[in-house]
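The values are calculated or read from the model by the stated rules, or taken from the named source; none is laboratory data. These numbers were taken from a predicted model, which means no experiment stands behind them. Here the Cβ positions follow ideal geometry from the backbone for every residue, glycine too, while neighbour counts run over all protein chains shown. To get the accessible areas, we keep the full protein, side chains included, count just its heavy atoms, and leave off ligands, DNA and RNA. Shrake-Rupley method; radii C 1.70, N 1.55, O 1.52, S 1.80 Å.
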Amino acid sequence: FRFKDSLAEELQSADLVISHAGAGSCLETLEKGKPLIVVINDKLMDNHQLELAKQLHRDGYVLYCNCSTLVETLQSMNLSALKPFPPGQPEKFASFLDEVFGLQ
């Protein structure tokens, strides 16, 4: 897709998602419970996408690679080794903010 407001429908029907390592893309995919391979853009300076991909991989939620190793990753992947991503708990953040601002 060049541009689409939402990929929710495509994510819902996907068996596997291959994406860049943008935080929004990663979290939306993981929250839908879909296996995810993130492809790192090696050309980015100060590559926060690489940091996110490595951490999500260390935690067992995603596989990651770069463009040159994508085929190898697809051939050797073991999706059953990936852990389910835990659901968000926005109420904890709201409670934290209430406490910080003295609203409790």
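Here are the numbers for the structure shown:
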{"quantity": "Mean ellipticity per residue at 222 nm, deg cm²/dmol - from DSSP H runs of n ≥ 4 across the chain, formula -39500 (n - 2.57)", "calculated": "-12000 deg cm²/dmol"}
{"quantity": "Å² of accessible area per residue within region 7-101, as computed with a 1.4 Å probe and no ligands counted", "calculated": "68 Å²"}
{"quantity": "Accessible surface of region 37-104, 1.4 Å probe, proportion on carbon and sulfur as whole %", "calculated": "58 percent"}
{"quantity": "Contour excess over end-to-end distance, with Cα ends at residue 89 and residue 44 and 0.36 nm allotted per residue", "calculated": "13.1 nm"}
{"quantity": "Solvent-accessible surface ranking, highest first, for 38, 100 at 1.4 angstrom", "calculated": "100, 38"}
{"quantity": "For region 7-101, Kirkwood radius (reciprocal of mean inverse C-alpha pair distance, Å)", "calculated": "14.5 Å"}
{"quantity": "Where trypsin sites (Lys or Arg not before Pro) fall in DSSP loop in region 11-58, at most 11 other Cβ within 10 Å", "calculated": "43"}
{"quantity": "Pairwise label distance in nanometres, residue 12 with residue 67, each label 7 Å out on the Cα-Cβ vector", "calculated": "3.3 nm"}
{"quantity": "Two-site label geometry, residue 1 and residue 58: point separation in nm, points 7 Å out along Cα→Cβ", "calculated": "3.2 nm"}
{"quantity": "Relative contact order %, the chain, counting alpha carbon pairs below 8 Å whose residues are six or more apart", "calculated": "21 percent"}
{"quantity": "About the Cα centre, charge dipole magnitude for the chain (Lys/Arg +1, Asp/Glu -1 at Cβ), debye", "calculated": "260 debye"}
